[in-house]
Each structure stands twice: as structure tokens, then as C-alpha cells.
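Colleague: To start, I am sharing the structure in question, which I have written as C-alpha cells.
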Amino acid sequence: MKILEVMISSFSRNASVFRLAVFSLSAAFSVVAGQVFYVSPSGNDSNPGTQAQPFREIRKAITAVTPGDTALVADGSYLGFDVFDKVGASNEPITVRATGANAVVITTTDRGDNRDTIHIEDCAYLVVDGFRSFNANRAALRVQGGHHVTVRNCVFGNNATWGLFTGFSDDLLIENNECFGSMTQHGIYVSNSGDRPTLRGNRCHDNFAGGIQLNADVNI
């Protein structure tokens, strides 16, 4: 009986070690799944986007990323950008993330519609993380259509209408953002038939109207 108990105990320990090894192997693969692109004020958009040869603009990185990829953006000033029809997956999101506390996206006049500094449309499983943007002609960041878009750790201030606006977008996650000084409306406005949004940890203050406004449409 004691021999059997020792065998069972030994098997249990070995099984635990095996499970740990499998978990570690899976974690290692998850870390390297997807390509990483780099963006820096010292870069050039003719570069390949590596850490040694980064892109200059976030716009260029947006054209390069595919499901599972990450664009890491250094501190500095960058032109406003559009993200159209970029679709990741639940286990392979597309991530655009600032690596420091001062990656600033500025308002530009060289796009067809310059009202929103960051314009995201018909995207899914996209993460925008850690940017600052001020003085937009309408919204610092606008999400239109799509689903499962995450906006986190951003600071949007003194924009003409909203800090962050969404319309017809489902399953949004909006967390840990600061929105202040919106001149005519709200800090964050979740508008027009957006289902199942999650908002948490946001700080909205000194806006003309509401800090956070959610619309509830019966049917559109």
C-alpha cells in the first residue's frame, strides 16, 4: 500500500510539472505571436519599422499591422491618423500602444475629414493605449462602427466637441482615460445604438456638458 501511495504521489507531482511545462511553453508562444513595429520621432517611414529602424508616423504603422501585431510608439509628437477596416481577433488583437507618458497626437489638415484627430472606423479587436491629444476640431478620438475596440490610458483635453466619441460600435471597452475641457459637449459620449459598452476607471472633469454621456436608442 505504501509503495502504491508513493507511486501515485510521484505521478501527481510529475503531472503538475508537465502541466507547468505545457503552460510555460504556451505562454512563450503567446508572447511571440504577432509582429512588433516601432514608431519614433527619430524614425523614417521608409524604414522597416524595426526597433533599430523605426517608422516616423503612427499612420505608417497602421498600414503595416495585421491580426496579433503591436505598434509601439515612443514619446514625441505625431500626426493625426485614421484606422479603417482593421480587424484583429479575440486572441490576436491589433494593438497601438504608447511606451511612455508623452506620445502626443496632433490635429492635422491633410486628411479628407480633419475633425477628429484619431478616427477609427469599422474596426474590431483593436486596442489604442496611452496617447494624449488636445485641441481637436471635434473629437480627439472617434470610434465609428465596428466592435470590440478598446481605448485605455489616454488623455484628451480641450477639444471642440468631445474627448472621446463613439457611434454604432458594440462591445467597447473604455477604461482609465482622462477627458477634460470639452468646449461644447461631453468628455466621453457613447452614442447611437452601441450595445454592451464597458466604461470603468475614467476621469472626466471640467467639460461643458456631461462628463460621460450614454445614449440609449430603442432601434436605429
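The values are calculated or read from the model by the stated rules, or taken from the named source; none is laboratory data. Everything numeric here is computed off the predicted structure, so don't read it as measured data. Every residue, glycine among them, receives a Cβ derived from its backbone with ideal geometry; neighbour counts consider all protein chains shown.
Colleague: Is it fair to say residue 176 is more than 19 Å from the chain's Cα centre (by Cα) and either outside the structural domain of residue 103 (by TED's automatic domain parsing) or at pLDDT 95 or above (or both)?
Modeller: Answer is no for this residue.
Colleague: Between residues in the range 56-80 that are farther than 13 Å from residue 41 by Cβ and residues that are among the hydroxyl-bearing types (Ser, Thr, Tyr), which pairs lie under 6 Å by C-beta distance while being six or more apart or on different chains?
Modeller: From residues that are farther than 13 Å from residue 41 by Cβ, the pairs are 70/95; 72/38; 72/99; 80/107; 80/108; 80/117.
Colleague: Please state which one of 143, 149 is closer than 15 Å to residue 176 by Cα, among the hydrophobic types (A, V, I, L, M, F, W, C) and modelled with pLDDT of 95 or more.
Modeller: Details: 143 fails: closer than 15 Å to residue 176 by Cα.
None of the other options fit; the residue is 149.
For (1) part of a helix (DSSP H, G or I); (2) under 22 Å from residue 140 (Cα atoms); (3) among the polar types (S, T, N, Q); (4) at pLDDT below 95, each residue gets a yes or a no:
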| site | (1), (2), (3), (4) |
| --- | --- |
| 10 | yes, no, yes, yes |
| 15 | yes, no, no, yes |
| 27 | yes, no, no, yes |
| 37 | no, no, no, no |
| 41 | no, yes, no, no |
| 51 | no, no, yes, no |
| 67 | no, no, no, no |
| 82 | no, yes, no, no |
| 97 | no, yes, no, no |
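Colleague: Which residues, taken from the range 124-140, are surrounded by 19 or more Cβ atoms within 10 Å (Cβ to Cβ) and either more than 11 Å from the chain's Cα centre (by Cα) or not assigned by TED's automatic domain parsing to the domain that holds residue 69 (or both)?
Modeller: Listed by number, the residues that qualify are 132, 133, 136, 138, 139, 140.
Colleague: Right, something else. So which residues in the range 165-198 are hydrophobic (A, V, I, L, M, F, W, C), in contact with a strand residue (DSSP E or B) (Cβ under 6 Å, 6 or more places away or on another chain) and closer than 17 Å to residue 84 by Cα, if there are any at all?
Modeller: 165, 172 - these are the residues of the range 165-198 that are hydrophobic (A, V, I, L, M, F, W, C), in contact with a strand residue (DSSP E or B) (Cβ under 6 Å, 6 or more places away or on another chain) and closer than 17 Å to residue 84 by Cα.
For (1) in contact with a Gly (Cβ under 7 Å, 6 or more places away or on another chain); (2) of a type in the set (Gly, Ala, Ser); (3) not assigned by TED's automatic domain parsing to the domain that holds residue 129, each residue gets a yes or a no:
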site	(1), (2), (3)
42	no, yes, no
47	no, no, no
55	yes, no, no
59	no, no, no
65	no, no, no
69	yes, no, no
72	no, no, no
76	no, yes, no
94	yes, no, no
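Colleague: Can you spot a residue in the range 109-116 that is without any contact (Cβ under 8 Å) to a residue 12 or more places away in the chain, in a loop (DSSP other than H, G, I, E, B) and within 23 Å of residue 75 (Cα to Cα)?
Modeller: Yes: the range 109-116 contains one or more residues that are without any contact (Cβ under 8 Å) to a residue 12 or more places away in the chain, in a loop (DSSP other than H, G, I, E, B) and within 23 Å of residue 75 (Cα to Cα).
Colleague: Go through the residues of the range 211-220 one by one and say whether even a single one is modelled with pLDDT of 95 or more and within 24 Å of residue 73 (Cα to Cα).
Modeller: no
Colleague: A follow-up question, please. Report, by residue number, each residue of the range 122-141 that is touching a Lys or Arg at 6+ places or on another chain (Cβ under 8 Å), closer than 24 Å to residue 184 by Cβ and of a type outside the set (Val, Ile, Thr).
Modeller: Passing the criteria: 136, 137, 138, 139.
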